[in-house]
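J.: Dumping the structure here so I can ask a few things about it.
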């Protein structure tokens, strides 16, 4: 879409890599992507792609390398605990061609909680970060995440991931925030499809999406406008509301974000 | 993991492509991946990767081509409605290098509901499928989805997507069903990390995953075993339960699927 391309010069983009067999088996419903997308969006960082991949080095390493080339930022979730199946740190190091090294700050934090030698050795897996990397604060008090270059490695547990992300609030480069307007109508999409296409053609600087839904036994559609310029968004919103009225329905649930 | 590799000869694999800006903006929480993964899993088809991508031809076309090469099946969700931003059919046709053609069966179905010329023209967008493709029944009574070769194109609305997937129940090649056992314990992962690594080393035909959680103000971990052989899974489950007891906790919430 022209809209996307016209923003490329100033947009700051991100890719999310959700790492974990349990998401792919369907055992766990991922919610991390949604939280990251919403949070980064308010910071002016646009999530442009997400991949859900298994705990396999042969898959994770190339996925990291492809994503860090293509996007300004990469955020991974999952696989940074102390067990044998936690291989994200190893994979990130391999992707960058650097060794994993014990970070003294994390090691000291881990040693603060006494444990048997066995348990301590397992915990110390979490002190290893790729050489040249830095730490991502963990506001829950547990071991931090880490970053290297533009790749940020976060926990998989939603509450811990969210705390880590919050700690990055003032540490990332920001682009313009994409604003949105939306309105819904109990109309089949085809009833306004032509009007929407005409409106989109007139507003090439705003992205107009039509998302059908099925609620209370009726089909409806949610019209979402996304762009940088608030006054253009408002103008387009009025045009879309007029198209809904023209089609014989009432615009509902107008939102401005 | 050895486990994954040892299954490669008989496994039937799938990739899910979730197409839609609204998922990437965080406006909508995707649930389609979870439903598809669980459903295909019971049919002996393993979802090995998922990608969430925007409504952009330049992204969708290569994603389809990469996925159809790498996996036995590809399932897409979203972008098959009648509006200007529904470009999935166009992209699939382009990926296969074939034209879109009006499917007479879908066209007849669409014409059954009378509408003005304008609205009918918009609806007819949904009658176009790539040349050489076939139909995916839509048990909700709406326009069907379609497939071409190993790529299955489903709706984005969860209820419609689910109905389309159900219609495929007896039409896809199946592999062995991955069985699972799981048990949880209110233990930090590090307390059993070494025992788990030992158990995984003894059971190379079963995949042992450790998934930490935070519930009722306590950290716990869910141990999940996945493999083909029920008796091996049961044997491993007993070993994991023993490791939990050894660490001073009580195994809870044992599940066998």
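J.: For segment B:96-171, what's the relative contact order in percent, using C-alpha pairs closer than 8 Å and at least 6 residues apart? Don't jump to the answer; show the numbers that get you there.
T.: Details: 91 pairs, mean separation 19.0, N = 76.
Contact order relative to length: 25 percent.
J.: Return the average number of partner chain Cβ atoms within 10 angstrom of each residue Cβ along peptide B:151-160.
T.: Details: counts 0, 0, 0, 0, 1, 3, 5, 2, 3, 3.
The mean count of partner-chain Cβ atoms within 10 Å per residue comes to 2.
J.: How would segment B:60-128 be classified by its alpha-carbon gyration tensor: rounded, prolate or oblate, with rounded meaning a/c under 1.5 and the a/b versus b/c comparison settling the rest?
T.: Verdict is prolate for segment B:60-128.
J.: Helix B:57-70 versus the longest principal axis of chain B: what is the Cα-based angle in degrees, 0 to 90, to the nearest 10?
T.: Its long axis makes an angle of about 50 degrees.
J.: Let me ask something additional. Mean projection of the alpha-carbon convex hull of the protein assembly as shown over all orientations, in nm²?
T.: On the way: hull surface 97.1 nm².
For the protein assembly as shown, averaging the hull's shadow over all directions gives 24.3 nm².
J.: Provide a whole-number value for the mean count of partner chain Cβ atoms within 10 Å of the Cβ atoms in peptide B:118-125.
T.: Details: counts 6, 8, 1, 3, 10, 5, 1, 3.
Mean shielding by partner chains, rounded to a whole number: 5.
J.: Using a 7 Å offset from Cα along the direction of the beta-carbon, what are the separations from residue A:141 to the same position in each other copy, nm, ascending?
T.: Going from nearest to farthest copy, the values are 5.8 nm.
J.: Any idea what the relative contact order of segment A:173-237 is, in percent, if you count C-alpha pairs under 8 Å spaced at least 6 apart?
T.: Numbers: 99 pairs, mean separation 28.5, N = 65.
Across segment A:173-237, relative contact order equals 44 percent.
J.: Gaussian network model of chain B, Cα springs within a sub-10 Å range: biggest mean-square fluctuation belongs to which of B:93, B:70, B:108?
T.: B:108
J.: Mind running the shape call on segment B:164-227? Use the C-alpha gyration tensor, a ≥ b ≥ c as the square roots of the eigenvalues: rounded below 1.5 for a/c, prolate if a/b tops b/c, oblate otherwise. Spell out each step's value before the answer.
T.: Numbers: a/c = 5.04, a/b = 1.71, b/c = 2.95.
Oblate.
J.: Any chance you could give the angle, 0 to 90 degrees and rounded to 10, that helix B:193-202 forms with the longest Cα principal axis of chain B?
T.: Helix B:193-202 and the main axis of chain B meet at about 80 degrees.
J.: Pulled fully out, how much extra length does the chain show between residue B:198 and residue B:169, if you take 0.36 nm times their separation in residues and subtract their Cα-Cα distance?
T.: Working: separation 29, 0.36 × 29 = 10.44 nm, distance 3.92 nm.
Stretched fully, the residue B:198-residue B:169 segment lengthens by 6.5 nm.
J.: Highest mean first, what order results for A:177-186, B:98-107 on Cβ atoms within 10 Å?
T.: Details: A:177-186: 19.5, B:98-107: 14.8.
Highest mean packing first, the order is A:177-186, B:98-107.
J.: Can you tell me what share of the DSSP beta bridges in chain B is antiparallel? A percent to the nearest 5 is fine. Write out the running numbers ahead of the final one.
T.: Working: 28 of 45 bridges.
Rounded to the nearest five, the antiparallel share is 60 percent.
J.: Hey, could you pull the Cα Rg and Dmax for segment A:145-256, both in Å?
T.: 18.8, 55
J.: Also, I was wondering about something else. Can you work out which chain B residue has the shortest Cβ-to-axis distance for the rotation that carries B onto A, and give it in Å?
T.: Nearest Cβ to the rotation axis, residue and whole-Å distance: B:51, 3.
J.: Which shape class applies to chain B: rounded if a/c is under 1.5, otherwise prolate when a/b exceeds b/c and oblate if not, where a ≥ b ≥ c are the square roots of the Cα gyration tensor eigenvalues? Mind showing how you got there, number by number?
T.: Numbers: a/c = 2.75, a/b = 2.30, b/c = 1.20.
Since a/c reaches 1.5 and a/b is larger than b/c, the shape of chain B is classed as prolate.
J.: Using a label point 7 angstrom from Cα along Cα-to-C-beta, what distances in nm, from shortest up, separate residue B:213 from the other copies?
T.: 2.8
J.: I want to verify a result. In a Gaussian network model of chain A, Cα cutoff 10 Å, which of these has the top mean-square fluctuation: A:224, A:12, A:153?
T.: A:224
J.: For chain A, what does the helix formula give at 222 nm: sum of -39500 (n - 2.57) over DSSP H segments with n ≥ 4, over the residue count, nearest 500 deg cm²/dmol? Display every interim value, and only then the final one.
T.: Numbers: 10 runs with 96 residues, N = 257.
Rounded to the nearest 500, it is -11000 deg cm²/dmol.
J.: Please compute the contact order of segment B:25-181 in relative form: average sequence separation of alpha-carbon pairs under 8 Å and at least six residues apart, divided by the residue count, as a percent. Walk me through the intermediate numbers first.
T.: On the way: 212 pairs, mean separation 41.7, N = 157.
For segment B:25-181, the relative contact order is 27 percent.
J.: Note the distances from residue A:202 to each other copy's matching label point, with points 7 Å along the Cα-to-beta-carbon direction, in nm, sorted shortest first.
T.: Nearest first, the other copies' label points are 7.3 nm away.
J.: Okay, moving on. For peptide A:61-72, compute the average count of partner chain beta-carbon atoms within 10 Å of each residue's beta-carbon.
T.: Numbers: counts 0, 0, 1, 0, 0, 0, 0, 0, 0, 0, 0, 0.
Counting Cβ atoms of other protein chains within 10 Å of each residue's Cβ and averaging gives 0.
J.: Would you mind telling me the antiparallel percentage of the DSSP bridges in the protein assembly as shown, rounded to 5?
T.: Details: 59 of 93 bridges.
Close to 65 percent.
J.: Now for a different question. Which residue, A:118, A:90, A:234, tops the fluctuation ranking in a GNM of chain A built on C-alpha contacts under 10 Å?
T.: With Cα springs under 10 Å in chain A, the top fluctuation among A:118, A:90, A:234 is at A:118.
Just so you know, all these numbers are worked out from the coordinates, no wet-lab data involved. Predicted model only: the values in this text are computed from it and were never measured. Here Cβ is always computed from backbone atoms with ideal geometry, including for glycine, and neighbour counts include all displayed protein chains.
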